[in-house]
1. For the pair residue 162 and residue 291, how long in nm is the line joining their label points, each one 7 Å along Cα→Cβ?
2. Can you check what the net charge comes to around residue 222, using other residues whose Cβ is under 13 Å from the Cβ of residue 222 (Lys, Arg +1; Asp, Glu -1)?
3. Calculate, in nm to one decimal, what residue 125 and residue 227 gain on full extension: separation in residues at 0.36 nm each, minus their alpha carbon distance.
4. When all alpha-carbon pairs of the range 162-294 are counted, what percent fall beyond 24 Å?
5. If one computes the Cα centroid of the range 91-116 and of the range 218-238, what distance in Å separates the two points?
6. So which of 64/254; 232/295; 254/300; 12/249; 12/295; 7/310 end up more than 19 Å apart by C-alpha?
7. How large is the dipole of the chain about the Cα centre if only Lys and Arg carry +1 and Asp and Glu carry -1, each at its Cβ, rounded to the nearest 20 debye?
8. Using the Karplus curve 6.51 cos²θ - 1.76 cosθ + 1.60 with θ = phi - 60°, what ³J(HN,Hα) values do you get for each residue of the range 287-294, in whole Hz, with x for Gly and Pro?
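The values are calculated or read from the model by the stated rules, or taken from the named source; none is laboratory data. All figures in this text were calculated on a predicted structure; none of them were measured in a lab. Cβ coordinates were reconstructed from backbone atoms using ideal geometry, including for glycine residues, and neighbour counts include every protein chain displayed. We work out accessible area using only protein heavy atoms, side chains counted, and drop any ligands, DNA or RNA first. Shrake-Rupley method; radii C 1.70, N 1.55, O 1.52, S 1.80 Å.
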Amino acid sequence: MPLVTTKEMFEKAYAGGYAVGAFNVNNMEIIQGITEAAKDLNAPLILQVSAGARKYANHTYLMKLVEAALEETGLPIALHLDHGDSFELCKSCIDGGFTSVMFDGSHHSFEENIRLTREVVEYAHARGVVVEGELGRLAGVEDDVNVSAEDASYTKPEEVEEFVRRTGVDSLAIAIGTSHGAFKFKPGQKPQLRFDILEEIARRVPGFPIVLHGASSVVPEYVKMINDYGGKMPDAIGIPEDMLREAAKLAVCKINIDSDLRLAMTATIRQHLAQHPDQFDPRQYLKPARDNIKKMVAHKIVDVLGCDGKA
């Protein structure tokens, strides 16, 4: 099966009250863990690549790994650029075989965001590729995205309808209280998603697919493992999974997950090397790391996204 776009995925997800997972990938083991879980659960899948991951792994290597995943699983898989910050980057990914790109113009003015996003949309649509835009700014740090709490802002529902109409985007990332990275909220803080904003947006653009970035839950088990084996991560609270499941029942059709994958992998490798200091074969520590990524993704598919059996 060839790569697909997210168009049909999102139509089914909106109608069915579930979301599709968009999992960030950086190397072979991460791709294997994600796709093996999705295959076991017959779930649709979005593999997404940040600009940083593309630089690290090389576009050609990533494409070949994704091609292998398609051959091994037979699943509908979309390949998505996460947080493209320029027309040139989006164009390069489109020309290189991606079926979906995000143009993040949220740091520009409203009018400039529309102009730049529209430029990407016109190029992408002419080549059968879909585009995700963004309105509002999430706080946090992840790869090349770095937004302070002071610069973060919620999405304004009154701007969404005009933005969608004038840009022609196929989906829209909004800011309703999620945050990039593992250090989302301090102990004692109460994470809260602004469902009032989400519901108002859904009312203004009915049937239109909404995206949540920064939606990892920062699993305490893995934070503790990292710290037990020499790490120095501060206690942090992620997005409660019951809130994400509720969002998936509404207009949210795509939920991005990255930090939880990194935590699972890093915690497992730290534990393994501490417990087996005589081992130096990468396969010995990457295999359990891959297994824990698979376990993490399976949990997200069933208990958070609700997309198991929807491929």
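1. Each label point lies 7 Å from its Cα, and together they span 5.5 nm.
2. The answer is 0.
3. Gain on extension, residue 125 to residue 227, equals 32.1 nm.
4. Result for the distance tail: 43 percent.
5. Answer, in whole Å: 34.
6. From 64/254; 232/295; 254/300; 12/249; 12/295; 7/310, over 19 Å: 64/254; 232/295; 12/295.
7. The calculation lands at about 400 debye.
8. 5, x, 5, 4, 4, 6, 5, 4
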